[in-house]
Amino acid sequence: MVLIIEPLDSSRHHRELFCCGQDSLDNYIRKQASQDLKKKVAIVFVLVDSPNTDVIAYYTLSAYTIELADLNESFAKKLPRYPLLPATLLGRLAVDRTYQGQHLGELILIDALTKALLATAQVASLAVIAEALDEPAANFYQKYGFQKFKQNPMKLYLPMKSVEELCQNSNI
């Protein structure tokens, strides 16, 4: 198995059979992802088992803004008092059912966090934001240190300082 994470190439990567068990995530990679790429709304990264080009997992990254008031006080008190602050959105993350339970979710999460961290050298971002579809997904993110927003428990954030520590300590 030679796992490779690379940007989605709709002419090369096979997405038709992707099935993670969440219709919105399945439909996104099959029908919407290439449009988001073209419109520069999100960058989609796929995990393939090379030389096979079937998508076995994917995630998206986008620029985002968050309101200072939505963050917990211990984190917010260290930040400038701007009403909106820059962040990176990890909008979607999914692993095909056939490959679930093999720690590929962790693999692509660490890859996404690493890319977000590296991007901060060029574009400021104080945290990575994740939007969980359900409680198990929220628990997955919390396992890696993500904290829930005050107003929306399905939206979570990980401060970039924590991203850096997690990436440095990762065995992936």
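Does PHE146 satisfy the condition of being at pLDDT below 95 and under 18 Å from GLU165 (Cβ atoms)?
no
Yes/no per residue for (1) of a type in the set (Val, Ile, Thr); (2) closer than 30 Å to HIS103 by Cα; (3) within 19 Å of the chain's Cα centre (by Cα):
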| site | (1), (2), (3) |
| --- | --- |
| VAL41 | yes, yes, yes |
| THR53 | yes, yes, no |
| ILE56 | yes, yes, yes |
| ASN72 | no, yes, no |
| ALA76 | no, no, no |
| LEU79 | no, no, no |
| PRO86 | no, yes, yes |
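With respect to LEU85, determine if the residue is part of a strand (DSSP E or B), on the phi < 0 side of the Ramachandran plot and either open to solvent by 60 Å² or more (accessible area, probe 1.4 Å) or at pLDDT below 95 (or both).
Against the criterion (part of a strand (DSSP E or B), on the phi < 0 side of the Ramachandran plot and either open to solvent by 60 Å² or more (accessible area, probe 1.4 Å) or at pLDDT below 95 (or both)), LEU85 qualifies.
Could you check the range 114-151 and list, in sequence order, the residues that are among the polar types (S, T, N, Q) and in contact with a Cys (Cβ under 9 Å, 6 or more places away or on another chain)? Let's see the steps before the verdict.
Quick first cut of the range 114-151, residues among the polar types (S, T, N, Q) only: 114, 120, 122, 125, 139, 142, 147, 151.
If the condition is that a residue be among the polar types (S, T, N, Q) and in contact with a Cys (Cβ under 9 Å, 6 or more places away or on another chain), then THR114 is the only one that fits.
LYS115 versus (1) surrounded by fewer than 19 Cβ atoms within 10 Å (Cβ to Cβ); (2) more than 12 Å from the chain's Cα centre (by Cα): which is the lone unmet condition?
(2)
In the range 24-41, how many residues are open to solvent by less than 10 Å² (accessible area, probe 1.4 Å) and touching a Leu at 6+ places or on another chain (Cβ under 9 Å)?
Qualifying residue count, the range 24-41: 2.
Of ASP70, ASP111, which residue is modelled with pLDDT under 95 and out of contact with any Cys (no Cβ under 8 Å at 6 or more places or on another chain)?
ASP70
For the condition assigned to a helix (DSSP H, G or I), buried (at least 18 other Cβ atoms within 10 Å of the Cβ) and not β-branched (Val, Ile, Thr), what is the one hit in ALA130, ALA138, ALA94?
On the way: ALA130 fails: assigned to a helix (DSSP H, G or I); ALA94 fails: assigned to a helix (DSSP H, G or I).
When all the criteria are applied, what remains is ALA138.
SER62 versus (1) under 19 Å from the mean Cα position of the chain (by Cα); (2) open to solvent by 40 Å² or more (accessible area, probe 1.4 Å): which is the lone unmet condition?
Failed condition: (2).
For the range 11-23, give me each residue that is charged (D, E, K, R) and either open to solvent by less than 40 Å² (accessible area, probe 1.4 Å) or free of Cβ contacts under 8 Å to residues at least 24 places away in the same chain (or both).
Within the range 11-23, the first condition is being charged (D, E, K, R), and the residues that meet it are 12, 15-16, 23.
Residues satisfying the conditions are ARG15, GLU16, ASP23.
The values are calculated or read from the model by the stated rules, or taken from the named source; none is laboratory data. Everything quoted here is computed from the prediction, not taken from an experiment. Counting neighbours? That spans all protein chains shown, and the Cβs are built from the backbone with ideal geometry, glycine included. Protein only, heavy atoms only, side chains kept; ligands, DNA and RNA dropped before computing areas. Shrake-Rupley method; radii C 1.70, N 1.55, O 1.52, S 1.80 Å.
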